[in-house]
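A.B. asks: Here it is, the structure in full.
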Amino acid sequence: MDGIVTSQTASPAITPDAAPLAPRPGSPVSPELHGERRIRSFHPRKGRMSTAQYDALSRSWDGYGIRVDGSRRLDLDAWFGRPDARVVLEIGFGMGDATATMAAAEPERCVLAVDVHTPGHGNLLRRIESDGLDNVRLAEGDAVVLLRDQLEPASLDGLRIFFPDPWPKARHHKRRLIQPEFVALAVSRLRPGATVHCATDWEPYAEQMLEVLGACPELENLHAEYAPRPDWRPVTKFERQGLAKGHVVNDLLFRRV
């Protein structure tokens, strides 16, 4: 990956039969990054990895993944090996199966997928290997730090946030990702014409998304309110769980003006 302005390090300390995973030493999923303290929209997600996930992580992390450390800007064209790469940032990809399916359907588009769930990184790397995907890269850590410190302004062709944690209790609403400050930061990294696509099965959060995104002067809603569910968006595990509970799924689609 010559030309990428970042550091790439594997983490051999992780084993598939270890106790539930703690944050890696020095990992940016820690609440304090370089002394920074702020409200996070996520918790580090611990879990066991299968042998297949661990093996894929061991084989392919150096080639496809980075830890978010806030130290250097990323050269996305060099990392993806494409001039003027059309990069969509996906925040919170879970186990990565939907991400891999969408990437396979659009080989001309690049996907930078960020999450804090280590087994998900292993599973997505397994899919990258098995499906022969060369248009997916992974980042482990805080998406806010990635956007703020490691992505250039107007460098993204799109932003996807599917089924983020709704933080349903009123005292936790401040932890929701879609807030005016986050949207202003994210929009600054979008090229004109880039799209913002969100989906949630929690109706009060959908209402907040609609309000916050609609209040951003650099964004225009491509629909009167909510967007029809696109056929190309795979049904995720979280979506299936929400539908099983009788929740209504809402998609929102905005464009950077």
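A.B. asks: Which residue, of R86, R127, is touching a strand residue (DSSP E or B) at 6+ places or on another chain (Cβ under 6 Å), under 18 Å from R160 (Cβ atoms) and not aliphatic (A, V, I, L, M)?
C.D. replies: Step by step, each of R86, R127 is checked, and only R86 is touching a strand residue (DSSP E or B) at 6+ places or on another chain (Cβ under 6 Å), under 18 Å from R160 (Cβ atoms) and not aliphatic (A, V, I, L, M).
A.B. asks: It is to be established whether one or more residues within region 219-234 are out of contact with any Ser or Thr (no Cβ under 9 Å at 6 or more places or on another chain), outside any loop (DSSP other than H, G, I, E, B), surrounded by fewer than 17 Cβ atoms within 10 Å (Cβ to Cβ) and small (G, A, S).
C.D. replies: no
A.B. asks: P166 fails exactly one of the following numbered conditions: (1) buried (at least 18 other Cβ atoms within 10 Å of the Cβ); (2) out of contact with any Asp or Glu (no Cβ under 6 Å at 6 or more places or on another chain); (3) under 18 Å from T99 (Cβ atoms). What is the number of that condition?
C.D. replies: The number of the failed condition is (3).
A.B. asks: All but one of (1) surrounded by 17 or more Cβ atoms within 10 Å (Cβ to Cβ); (2) among the acidic types (D, E); (3) modelled with pLDDT of 95 or more hold for E239; state the number of the condition that does not hold.
C.D. replies: Every listed condition holds for E239 apart from (3).
A.B. asks: From the list A194, A184, A154, exactly one residue is closer than 23 Å to G96 by Cβ, among the small types (G, A, S) and at pLDDT 95 or above. Which is it?
C.D. replies: A194
The values are calculated or read from the model by the stated rules, or taken from the named source; none is laboratory data. Keep in mind that what you see is a predicted model, and the values were worked out from it rather than measured. Backbone-built Cβ (ideal geometry, glycine too); neighbour counts: all protein chains shown.
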